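Comments concern the structure below.
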Amino acid sequence: MTKRFLFFCFLIASFLSTKAQVNSVPAISSEYFSNPLDIQLYLAGDFGEIRPNHFHSGIDIKTNQREGYPVYAVADGYISRLRVQIGGFGNAVYINHPNGITSVYGHLQKFNEKLLSSVRYHQYKEQSFTTDFNLLPIEIQVKKGDIIAWSGNTGGSSGPHLHFELRNTQTEETINPLTLGIKIPDHIKPIISGFYLYQIDDAPFNEYTSKKYFQTSGSNGDYSLKQVVPVNGQFGFGISAYDKMDGSSNHNGLFSTTIKLDDEVIYETVISKFSFENTKAVNAYIDYPTKIKTGAVIQKGFAMPNPKVRFYTALKNNGLVNLKDEALHDVEYILKDFEGNTSILHFKIKSSGIKPPTYQPKGQMMSYKTVNNFENGAVKVSIPEGDLYDDLDFQFGTVEQPSYGSSKIFKIHNKLTPVHDTYQLSIKPDKGLSAYFQKLVVMNTENGSQGGEFKDGYIVAYPKTFGNFYLRIDSIAPTIIPINVKEGANFSQTGKMIFRISDNLSGLKNYNGYIDGQWILMEYDYKTGRLWHTFDEKTGFGKHSFQLVVTDNKDNEKTYSINFFR
C-alpha cells in the first residue's frame, strides 16, 4: 500500500468515527459553534414552531430583506452533502462536524466556487437541475469561519433569509440550535391570546368535538380568566399563544408548555429536538379542524392517542382530566421560551357533576392501531397502521360528476381530519374511458393533482389528506412562454435566455434544454415559473440551434425550437 493511500484511509476513519457515537449528542461547549452570518441575528422563525403540515426544523435568520450575505461554516468539518431542490431548501449545504453534529444551510443564493464546481459536475452528469449527493470526508474540508455560500431566497422560501439547522449526524434528528450555543437576543415573555376547553369523553377528537372559548386578561407574563371554568366528564385544555424575540415582530413558537392541576404536572412538552419522520405530527399537536376552517392555531394541552412526536416530558392520562368531585381546583398554564421568559395563565375549574351523553358513531369506526380498509365498488381506501392519530369515524359519500371531470366526486371522509402519511386511494374508471386510462389523474377539489397510475382496473394514487376526489383526463401538454427568446435572436450582449413554463393538471415532470444537440443546464424557480439558461464557455460565437422539451407527469410533451446567435 502507498503512503498516500494509508493517509487517505486514516482521514476517512477519523471522520467516520463520529458515526460510531451513541445516539445522544455529546456535551458541547457554548463556543463550539459560531454564528453562520456576520450580522446581528434576528429570527423570522424559531425551532419547532408550528408551520403548515410540519414543525419548523431549524431557525430562520433574517437577512434585512435582501440576498447576498456571506454564509460561514459554523465549525470545522467537511462538506457531507450538497443539494439543489426546486422547492424545499432550494440550494443547500450540509457540513459534518467531528463532534457528531451536522449543520445545514438552506435557501442559499449561490455556493462558493469549489462547491459550485461539484454541483455543476453532478447536474451535467445526471442531466438534471435538481441534484442531491453525498461527499467523502476528504473531498471538501472546511474550517470554522470559511465562506461556503451566500444567503438567498431559493426553494420554498417566502422571502430572503437563511434557514439554519443542527442535526445529530448519526440519527439525523434535528436539534434546537439555541440549545447548542447559537445566541439570539430575547427578553420578551410569551403572549397569551385565548384559552379553550374541549369536551373529550369517550369520543375521538374531530371537528365535532365540543370546544368553548374563554377570553384571557393580563399581560407581561401574568394572565388569568375572569370566571371559574365549568367542566364535566373528561376534558382537555387548549391555548392560543406565541412568543416574540428582541428586534422582531414575528410570532414565533413556544419552547415549553406545562399544565399543572392543583400543583401536579399533568402535561408538559419541551421542543428541543425531533425526528423528521414525525414532523407532520404537528397536525396532532394542534386543533387541526379549527386550523383548516379558520386558520387559527390552537395548541392542544393534551396528547392524541397516537401523538407521534416525542417531546412530551410529562403526561398524565394524556393530559386529559376527569374530576371526581365538585370542589374548586387550581390550574396553571405555564409557557416558556428558550431564554426562560415565562408567562402563566391562572384559573380555576369546577365540575357541574353532569354526565355527558355517550358518543354515537356516524359512519365506519376505524382504529389508529390497525390497517383500515374501505371499499365501495368504484372506490377502495387503504389506510396504513399508525397513519391516524386517533380513532376515526370514517364517512363516505358521492357527488354527481362535474362537467370538467371524468368521474363522480368521491367524498373520502373530509379535509378536517389529518393523516400522518399517505394512504392508498383507488378509483375505478368507467370502461368508456379505456382509451384514456394512462392519462387519468386523481384530482382533489382543493389541492389539485394527486397523481395516479392505472393498475388492476383502478387509477391508484397516494394522497396526503382526506377530502373530495375525482378523475380527470390530462391530455394537454405543458405551456412554454419565451420571455427574451425568438427565432434568430442575438445573445451577444445577453447572458441568459429566459422562459416561463407551466402545466394545467398533473404538474411538470421534467424539462430539458439542448444547444446544438448537447444537454444544457436549465435552472427553474417554481415560485415564479421562470426557467433560464446562463450562457458559459460551452456556447461559443456564431449560429446555434436551441431546443427546449417540457414534459408533464402524464408524459404530455411540449417542444420549443429556434436558431440563435452568440
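The values are calculated or read from the model by the stated rules, or taken from the named source; none is laboratory data. Fair warning: this is a prediction, and the values are worked out from it, not measured in the lab. Positions of Cβ are generated from backbone atoms using ideal geometry, with glycine treated the same way; all protein chains shown enter the neighbour counts. Calculation scope for accessible area: heavy atoms of the full protein, side chains included, ligands and nucleic acids excluded. Shrake-Rupley method; radii C 1.70, N 1.55, O 1.52, S 1.80 Å.
Observations on the model:
- Ser351 meets the conditions (1) hydroxyl-bearing (Ser, Thr, Tyr); (2) within 24 Å of the chain's Cα centre (by Cα); (3) surrounded by 15 or more Cβ atoms within 10 Å (Cβ to Cβ) in every case but one. The failed one is (2).
- One residue stands out among those in segment 465-519 that are basic (Lys, Arg) and under 30 Å from Ile383 (Cβ atoms): the one that is least open to solvent (accessible area, probe 1.4 Å), which is Arg472.
- Taking every residue in segment 371-396 that is touching a residue at least 60 places away in the same chain (Cβ under 8 Å) and pairing it with any residue that is of a type in the set (Asp, Glu), at least 6 positions away or on another chain, the pairs with Cβ-Cβ distances below 9 Å are Gly386/Asp421.
- For segment 284-332, the set of residues classified as farther than 19 Å from Ser351 by Cα, open to solvent by less than 10 Å² (accessible area, probe 1.4 Å) and not aliphatic (A, V, I, L, M) consists of Tyr285, Asp287, Pro289, Lys300, Phe311, listed by residue number.
- Count of residues meeting criterion [surrounded by fewer than 22 Cβ atoms within 10 Å (Cβ to Cβ) and closer than 16 Å to Glu31 by Cα] in segment 157-175: 0
- Exactly one residue out of Phe437, Phe410 is open to solvent by 20 Å² or more (accessible area, probe 1.4 Å), under 27 Å from Asn556 (Cα atoms) and in contact with a Phe, Trp or Tyr (Cβ under 9 Å, 6 or more places away or on another chain): that is Phe437.
- The one condition in (1) touching a residue at least 60 places away in the same chain (Cβ under 8 Å); (2) acidic (Asp, Glu); (3) within 27 Å of Phe466 (Cβ to Cβ) that Glu339 fails to fulfil: (3)
- Looking only at segment 433-448, and only at residues there that are in a strand (DSSP E or B) and closer than 18 Å to Val379 by Cβ, the one that is nearest to the chain's Cα centre (by Cα): Asn444
- Of everything listed in (1) modelled with pLDDT of 95 or more; (2) under 25 Å from the mean Cα position of the chain (by Cα); (3) open to solvent by 10 Å² or more (accessible area, probe 1.4 Å); (4) acidic (Asp, Glu), the single unmet condition for Asp262 is (2).
- Among the numbered conditions (1) at pLDDT 95 or above; (2) aliphatic (A, V, I, L, M); (3) within 24 Å of Thr209 (Cα to Cα), the only one that Ile354 does not meet is (1).
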